[in-house]
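All remarks here apply to the structure that follows.
The values are calculated or read from the model by the stated rules, or taken from the named source; none is laboratory data. Bear in mind the structure is a predicted one, so any value in this text is a computation, not a measurement. Don't worry about glycine lacking a Cβ; one is built from the backbone with ideal geometry, like all the others, and counts go over all protein chains shown. In case anyone asks, the SASA skips ligands and DNA or RNA and just uses the protein heavy atoms, side chains included. Shrake-Rupley method; radii C 1.70, N 1.55, O 1.52, S 1.80 Å.
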Amino acid sequence: MKIRATVEKGSDGLFSVYSDEHLGNSYFGGFGDSVAKAKEDFITSVKEAIEEQKAEGLEAPIFEDIQIEYLYDVPSFFNFFDYFNVSKFAEFAGVNESKMRAYKSGSAHPGEKTMTKICNAAHRMAAELSAFTL
């Protein structure tokens, strides 16, 4: 089973993780004051849905066989991957540093072209990191 989960920062400053996928009548969701806590809550909801399926005598997936793909908004991305220096990342991505800070805080939202630059930069960074040895 594959679950696509959206991770977003809300206007209240809290983070949510939710999915359109479900198991039986159970939908998955999580909340927290950090992305890590919201993801933990989300995973708990998935495990609870599995247990509910089993309790009802229905077929249920094994949690370890479930693949969760997280789709982040920009504030959530920088909250979860907090080891990224926003100024350096902005430079790497070719995005204005002050705008990147606004995107990180959630006070502004990048357009499609800027979002593409941010995604491409993150993927380039991941490729560079996976290609090195110490």
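Is it the case that L58 is open to solvent by 30 Å² or more (accessible area, probe 1.4 Å), of a type outside the set (D, E), modelled with pLDDT under 95 and over 30 Å from G24 (Cα atoms)? Answer is no for this residue. G106 falls short on exactly one of the conditions (1) in contact with a Lys or Arg (Cβ under 9 Å, 6 or more places away or on another chain); (2) surrounded by fewer than 13 Cβ atoms within 10 Å (Cβ to Cβ); (3) at pLDDT below 95, and that condition is (2).
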